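The values are calculated or read from the model by the stated rules, or taken from the named source; none is laboratory data. Computed from a predicted model, the values in this text were never measured in an experiment. Note that we place each Cβ from the backbone using ideal geometry, even for glycine, and neighbour counts take in every protein chain shown. Surface areas here come from the heavy atoms of the whole protein model, side chains and all, with no ligands, DNA or RNA. Shrake-Rupley method; radii C 1.70, N 1.55, O 1.52, S 1.80 Å.
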Amino acid sequence: QVQLVESGGGLVQPGGSLRLSCAASGVIFSINYMGWYRQAAGKGRELVASITSGGNTNYGDSVKGRFTISRDNTKNTVYLQMNSLKPEDTAVYYCNAKFPVVGERWGQGTRVTVSS
């Protein structure tokens, strides 16, 4: 069925940049919503950024001005460009998408570690 696969995580130094990708696979006719969430050790999952089919974006307060979400409809893929990374950005990042009829899906997560 429809699945989400994240990639691009890894280890980066403070102040560095990283680009995450989330690709949806399967029989897909449209995607209403795609977003990135993160969960740090011992904490709950929080919204990082989201984008609707109409192009409206939303960002968590802690990442505004540093992260940018975008999508490529021809590839059914959403991206998260992360700049000026801080140690507090360390977390597992999860992709989320909402599809007509099919409903909601979550990716397995990709780990981002910001450390010197």
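I'm trying to understand the selection: among the residues of the range 50-103, which are closer than 20 Å to GLN3 by Cα, open to solvent by less than 70 Å² (accessible area, probe 1.4 Å), part of a loop (DSSP other than H, G, I, E, B) and hydrophobic (A, V, I, L, M, F, W, C)?
If the condition is that a residue be closer than 20 Å to GLN3 by Cα, open to solvent by less than 70 Å² (accessible area, probe 1.4 Å), part of a loop (DSSP other than H, G, I, E, B) and hydrophobic (A, V, I, L, M, F, W, C), then VAL102 is the only one that fits.
Identify all residues within the range 1-32 that are of a type in the set (A, V, I, L, M) and touching a residue at least 60 places away in the same chain (Cβ under 8 Å); write none if there are none.
VAL2, LEU4, VAL5, LEU11, VAL12, LEU18, LEU20, ALA24, ILE28, ILE31
Per-residue answers, yes or no, for (1) farther than 18 Å from PRO100 by Cβ; (2) open to solvent by less than 50 Å² (accessible area, probe 1.4 Å); (3) among the aliphatic types (A, V, I, L, M):
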residue: GLN1; (1), (2), (3): no, no, no
residue: GLY8; (1), (2), (3): yes, yes, no
residue: GLY15; (1), (2), (3): yes, no, no
residue: ILE31; (1), (2), (3): no, yes, yes
residue: TRP36; (1), (2), (3): yes, yes, no
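Output the number of residues of the range 104-116 satisfying the condition of being open to solvent by 30 Å² or more (accessible area, probe 1.4 Å) and either under 18 Å from TYR33 (Cα atoms) or among the acidic types (Asp, Glu) (or both).
Residues that pass the stated criteria total 4.
Just the residues that are more than 10 Å from the chain's Cα centre (by Cα) and surrounded by fewer than 18 Cβ atoms within 10 Å (Cβ to Cβ), please, taken from the range 17-26.
Result: SER17, ALA23, SER25, GLY26.
Among the numbered criteria (1) touching a residue at least 60 places away in the same chain (Cβ under 8 Å); (2) small (Gly, Ala, Ser); (3) in contact with an Asp or Glu (Cβ under 9 Å, 6 or more places away or on another chain), which single criterion is violated by GLY35?
Every condition holds for GLY35 apart from (3).
List the strands (runs of 3 or more DSSP E) inside the range 1-41, counting only whole elements, that have at least 3 residues being hydrophobic (A, V, I, L, M, F, W, C).
18-25
Of the residues THR113, THR68, which single one is free of Cβ contacts under 8 Å to residues at least 60 places away in the same chain and β-branched (Val, Ile, Thr)?
Matching residue, one of THR113, THR68: THR68.
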